[in-house]
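What follows is one structure encoded as structure tokens, with my remarks underneath.
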Amino acid sequence: MTKKKPARKKVNSPFSKNLKAILAERGLSQTAAAAIAEVSPATIHDWIYSTSGGAPSDPIALQRLCRALNCSMEWLLCGSTTPVDAKEISLAELFQSEPDPTFSGIFSIEARLLTRIKKD
């Protein structure tokens with residue numbers, strides 16, 4: 001009796017959703033996009049229908065594609081075009097912290113466990 005492999009759940013990442021949308025908007029096939037990015041058509045297919053939801057591993061190919069499609073890499077990867085200045089964001093704005101006694105010792109060191117603050 002042959003065992004079937006469990007189906008992998010498709011992860012609908014902003015990157016795959018945005019890539020699919022912009023290719024449709026520009027009327028480009030996956031093969032044409034692959035030629036622009038100088039990757040294989042299978043790579044573009046994996047970027048669109050990824051089961052891992054991860055970002056592409058070739059940033060140079062992604063940059064070539066963004067330039068040709070006249071879109072920002074930030075928008076394609078994240079769906080956001082709002083500029084963020086990392087110098088203006090404090091850790092307190094991003095994370096909640098709580099004392100963690102695990103790392104105490106001879107020196108007085110305060111370690112805090114950071115958890116991301118959910119913005120509404």
Requested in this report: Considering only the stretch 35-57, state which residues are at pLDDT below 85 and farther than 13 Å from residue 20 by Cα.
Outcome: 51, 52, 53, 54, 55, 56, 57
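Would you mind stating whether residue 23 is at pLDDT 90 or above and assigned to a loop (DSSP other than H, G, I, E, B)?
no
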Query raised in the report: How many of the residues making up the stretch 10-39 are among the β-branched types (Val, Ile, Thr), more than 14 Å from residue 78 (Cβ to Cβ), touching a helix residue (DSSP H, G or I) at 6+ places or on another chain (Cβ under 6 Å) and surrounded by fewer than 19 Cβ atoms within 10 Å (Cβ to Cβ)?
Result: 2
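Please go through the stretch 26-52 and give me each residue that is assigned to a loop (DSSP other than H, G, I, E, B) and of a type outside the set (Phe, Trp, Tyr), ordered by number. Steps first, please.
Step one: list which residues in the stretch 26-52 are assigned to a loop (DSSP other than H, G, I, E, B), which gives 27-29, 38-40, 49-52.
Of everything in the stretch 26-52, those that are assigned to a loop (DSSP other than H, G, I, E, B) and of a type outside the set (Phe, Trp, Tyr) turn out to be 27, 28, 29, 38, 39, 40, 50, 51, 52.
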Query raised in the report: Which one of 10, 87, 17 is at pLDDT 85 or above and closer than 30 Å to residue 119 by Cα?
Result: 17
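The values are calculated or read from the model by the stated rules, or taken from the named source; none is laboratory data. Note that the structure is predicted; figures quoted are calculated from it, not measured. For neighbour counting, all protein chains shown are included, and Cβ atoms are generated from backbone atoms with ideal geometry for every residue, glycine included.
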